[in-house]
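*Asks:* If you scroll down you'll find the structure; I have some questions about it.
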Amino acid sequence: MTARIENRKLTADELDSFGRELDAVRAHTVATLGQRDADYIRAIVAAVRWTGVAGRLLLWLGAVVGAFVHPALWPLCIVGTLLLAFSKILENMELGHNVIHGQYDWMRDPHLDGKTYEWDIAGTGDNWRKTHNYRHHTWTNVRGMDDDIGYGLLRIFPEQRWKPFYLAQPVIAVIFALLFEWGVAIQSLRIGRWFAGKTSFAKMREQFRPVGRKMARQVLKDYVLYPLLAGPFFLPVLLGNAVANVIRNVWTYTIIFCGHFTADVETFSKESVINESRGRWYLRQLRGSSNLTGGKLMNLMSGNLSHQIEHHFYPDVPANRYAAMAVEVREICARYGQYYNTGSLPKQFGQVIWRIVRHAFPSRPRPQRLVSLRGVPG
């Protein structure tokens, strides 16, 4: 675990100035959006489409041609699986997640409309817009309001009340990573409330219908229709699709957890966000997020969530702009004495693993370093 980071306490005037400067970064970035950004996202759409086609074709060739022509062609299944996984990661992270945030609504392209885009995972776009775009991004790390704190399964922070159930969370966390898209799919259902008798069966059934339809379509596509194209050699295609989905799930889980659950990330009480100003909202986003280093490849493969801080500041700004915005954001944070949490993937994920293991056991809440977001720290 890293040493605790102390942030400089800001006066009311400094908080207002902090917010205005960060607003200005957004304003001058949005003013320059144009053809370059449109070309970028359309190139991503093409990359998702053609790597997906190539991956599925190689899976089929490895299964069918490898059986009829020569066993040496079986490794094509592995290449196809990896290419399909790449396509799914790119669609999930750089295309789906960012389009659903409305980052490209300004293009007026119906295929890139954040309000209607449907992506290639078990969860529905509509539920993600509700649980992620609204609840998580509005109430980032506010206990009792942000459902992403532990996803109802894990105790990540000491402020979460400990239960004996959490002793199993190191194992549960691994299962959750493997099946991450399915956990995201049912997140909005709040199944725990149903088990507790706080939601009726009729209401739960009504809420599950669109989720169940999306799940069924994904299962039919990846585990029935595409494998059947290989006829009696369906098994390698079926396994390839399953492995590609698992690779995508584990990668997405890793990136998201590294962006929210590293050692210096904080949580906040409901009371602390009453009458929250713009500057204080930015401060909460900053202290509830963490970035990843790694360069252009990391940015692409993470959907630019390697700049999680900038994403939380500007969720509706095209993510390919975050790297440039980060230079200004980091400089502003430094001038105001605010810690800018960033590190390599091994370092940040190591801290996540530490949290999952440590807080499986009873632990005391730590002192709130932000003091109170309602008052002005003196």
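*Asks:* Mind listing whichever residues of the stretch 167-197 are modelled with pLDDT of 95 or more and either more than 27 Å from Gly125 (Cα to Cα) or of a type in the set (Lys, Arg) (or both)?
*Replies:* Leu167, Ala168, Gln169, Pro170, Val171
*Asks:* Could you list, in sequence order, all residues of the stretch 305-330 that are without any contact (Cβ under 8 Å) to a residue 60 or more places away in the chain and closer than 15 Å to Leu33 by Cα?
*Replies:* If the condition is that a residue be without any contact (Cβ under 8 Å) to a residue 60 or more places away in the chain and closer than 15 Å to Leu33 by Cα, then Tyr322, Ala323 are the ones that fit.
*Asks:* Right, another one. Show me the helices (runs of 4 or more DSSP H) found entirely inside the stretch 134-246 where at least 2 residues are touching a Ser or Thr at 6+ places or on another chain (Cβ under 8 Å) and surrounded by 15 or more Cβ atoms within 10 Å (Cβ to Cβ).
*Replies:* Filter on the stretch 134-246 gives 180-187, 201-220.
*Asks:* Further question: Cβ-Cβ under 7 Å, sequence separation 6+ or interchain: first residue in the stretch 145-166 and at positive phi, partner of a type in the set (S, T, N, Q). Which pairs?
*Replies:* Gly150/Gln160; Tyr151/Gln187
*Asks:* For the stretch 281-304, what are the residues that are more than 13 Å from Tyr340 (Cα to Cα), within 16 Å of the chain's Cα centre (by Cα), touching a residue at least 40 places away in the same chain (Cβ under 8 Å) and not in a loop (DSSP other than H, G, I, E, B)? Steps first, please.
*Replies:* Kept after step one, since they are more than 13 Å from Tyr340 (Cα to Cα), are these residues of the stretch 281-304: 281, 294-304.
Next cut, within 16 Å of the chain's Cα centre (by Cα) only: 298-304.
With the extra rule that they be touching a residue at least 40 places away in the same chain (Cβ under 8 Å), the set shrinks to 298, 300-304.
Scanning the stretch 281-304 gives Met298, Leu300, Met301.
*Asks:* Being in a helix (DSSP H, G or I) and closer than 18 Å to His307 by Cβ is the filter here, so list the residues in the stretch 247-280 that pass it.
*Replies:* The answer is Trp251, Thr252, Thr254, Ile255, Ile256, Phe257, Cys258, Gly259, His260.
*Asks:* Considering only the stretch 94-127, state which residues are farther than 18 Å from Tyr314 by Cα and of a type in the set (S, T, N, Q).
*Replies:* Residues satisfying the conditions are Thr116, Thr124, Asn127.
*Asks:* Still on this structure, I have one more. Does any residue in the stretch 22-33 that is free of Cβ contacts under 8 Å to residues at least 12 places away in the same chain come within less than 8 Å, Cβ to Cβ, of a residue that is part of a loop (DSSP other than H, G, I, E, B) six or more places away or on a different chain, and which pairs are these?
*Replies:* If the second residue must be part of a loop (DSSP other than H, G, I, E, B), no pairs are left.
*Asks:* Starting from the stretch 105-122, take each residue that is over 22 Å from Ile89 (Cα atoms) and list its partners that are of a type in the set (A, V, I, L, M, F, W, C) and part of a loop (DSSP other than H, G, I, E, B), counting only C-beta distances under 8 angstrom and pairs at least six apart or across chains.
*Replies:* That search, which allows pairs on different chains as well, returns Trp106/Leu33.
*Asks:* Looking at Ala263, is it under 27 Å from Asp146 (Cβ atoms) and either in contact with a Leu (Cβ under 6 Å, 6 or more places away or on another chain) or surrounded by fewer than 22 Cβ atoms within 10 Å (Cβ to Cβ) (or both)?
*Replies:* When the stated conditions are applied, Ala263 passes them.
*Asks:* Among the residues of the stretch 225-243, are any closer than 30 Å to Val357 by Cα and touching a residue at least 24 places away in the same chain (Cβ under 8 Å)?
*Replies:* So far as the stretch 225-243 goes, yes, one or more of its residues are closer than 30 Å to Val357 by Cα and touching a residue at least 24 places away in the same chain (Cβ under 8 Å).
The values are calculated or read from the model by the stated rules, or taken from the named source; none is laboratory data. No experiment lies behind these values; they were computed from the predicted model shown. Virtual Cβ from ideal backbone geometry, glycine too; neighbours counted across all protein chains shown.
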